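Peer 1: Below is a structure I'd like to ask you about.
Values in this text are rule-based calculations from the coordinates and carry no lab data. The shown structure was predicted, so the numbers you read here are calculated from the model rather than taken from an experiment. Glycine gets a Cβ as well: all are built from the backbone with ideal geometry, and neighbour counts include every protein chain shown.
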Amino acid sequence: MNTLHYLIHTIAYYIAWFACITLAARGYAWISPLIVIACVVLQLYWQHQTGKPLKGLWLLLTIVVSISTLIDSALVYKGIVLYSANPFSPYFTSPWMITIWISFTVVLYATLSSLFAHLFLLSFLSCVGFALSFRIGASLGAAFFPYGSNMTCLFIGVIWAILLPFCVYCYQKIRDDQ
């Protein structure tokens, strides 16, 4: 894939991520999802214009967003993670977190699908990446960890080191059976 492809998807993802984190830290739960939607629409338009497939994206979105919403909601319900600007607390994850997962899944599908053949590498990168991402989000004020940042971020990293490869594995099995 060409550099422009990676740049468009990566920049759109980080604009969406940063908008969600900074706006949540300021108490805005519903503005950042609109920004994420605009970024995702741009990414989908780019995928379509370049002739890249979108068919598998919908399946991957369904799997990742469902599992991530369930896991994030369980973390919120158990008081392990407290998200800023969460109108659904203490029972459900915040709307901006759901849209971050949507944006992440699009960038995963569009630029990181080569990792789908390397689930152990995906697991390692998930552990480090998610722990770091949650840590940065908390340091910017978008989340609070009552049990401490280090342990909570490590816990979240381990969860996603298991679950993201599992999501990809399920995606591949369902896709191959179709």
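Peer 1: How far apart, in nm, are the 7 Å Cα→Cβ label points at TYR28 and SER149?
Peer 2: Rounded to a tenth, the inter-label distance reads 2.4 nm.
Peer 1: A further question on this structure: Using alpha carbon centroids, what distance separates the stretch 63-85 and the stretch 126-175, in Å?
Peer 2: 11 Å
Peer 1: Same structure again: Based solely on its DSSP helices, what 222 nm [θ] is calculated for the chain when runs of n ≥ 4 H residues each add -39,500 (n - 2.57) and the sum is averaged over all residues, nearest 500 deg cm²/dmol?
Peer 2: -26000 deg cm²/dmol
Peer 1: Tell me, what ³J(HN,Hα) does each residue in the stretch 74-80 have, in order and in whole Hz, if you take phi through Karplus 6.51 cos²θ - 1.76 cosθ + 1.60 with θ = phi - 60° and put x for Gly and Pro?
Peer 2: Taking θ as phi minus 60°, the curve returns 5, 5, 5, 4, 7, x, 7 Hz for the stretch 74-80.
Peer 1: Further question: Just check the stretch 19-77 against the gyration tensor rule for me: Cα atoms, a ≥ b ≥ c as the square roots of the eigenvalues, rounded for a/c under 1.5, and otherwise prolate or oblate depending on whether a/b exceeds b/c.
Peer 2: Judged from the Cα gyration tensor, the stretch 19-77 comes out oblate (a/c at least 1.5, b/c at or above a/b).
Peer 1: Using the basic label-point model (7 angstrom from Cα toward the beta carbon), what is the GLN178 to LEU82 distance in nanometres?
Peer 2: Distance between the two pseudo-spin positions: 4.2 nm.
Peer 1: Right, another one. Provide the FRET efficiency to the nearest 0.05 for the THR69-ILE15 pair, computing r from the beta carbons and using R0 = 25 Å.
Peer 2: So the FRET efficiency works out to roughly 0.70.
Peer 1: Here is a further query. Suppose every Lys and Arg Cβ carries +1 and every Asp and Glu Cβ carries -1, with no other charges. What dipole size does the chain come out with about its Cα centre, to the nearest 20 debye?
Peer 2: Values: 7 positive and 3 negative charges, 16 e Å.
Charge dipole of the chain: 80 debye, to the nearest 20.
Peer 1: On the first, second and third principal axes, largest extent first, how far apart are the outermost C-alpha atoms of the stretch 1-146 in Å?
Peer 2: Rounded to whole Å, the extents work out to 44, 33, 25 Å.
Peer 1: A further question follows. Once you place label points 7 Å from the Cα toward the Cβ at VAL128 and GLN49, how far apart are they in nm?
Peer 2: 3.3 nm
Peer 1: Compute the length gained on full extension between VAL41 and SER139: take 0.36 nm times their separation in residues and subtract their Cα-Cα distance, giving the result in nm to one decimal.
Peer 2: 32.4 nm
Peer 1: Which order do MET97, MET151 fall in if you start with the one that has the fewest other Cβ atoms within 10 Å? Walk me through the numbers before you get to the answer.
Peer 2: Working: MET97 29, MET151 11.
Exposure proxy ranking, most exposed first: MET151, MET97.
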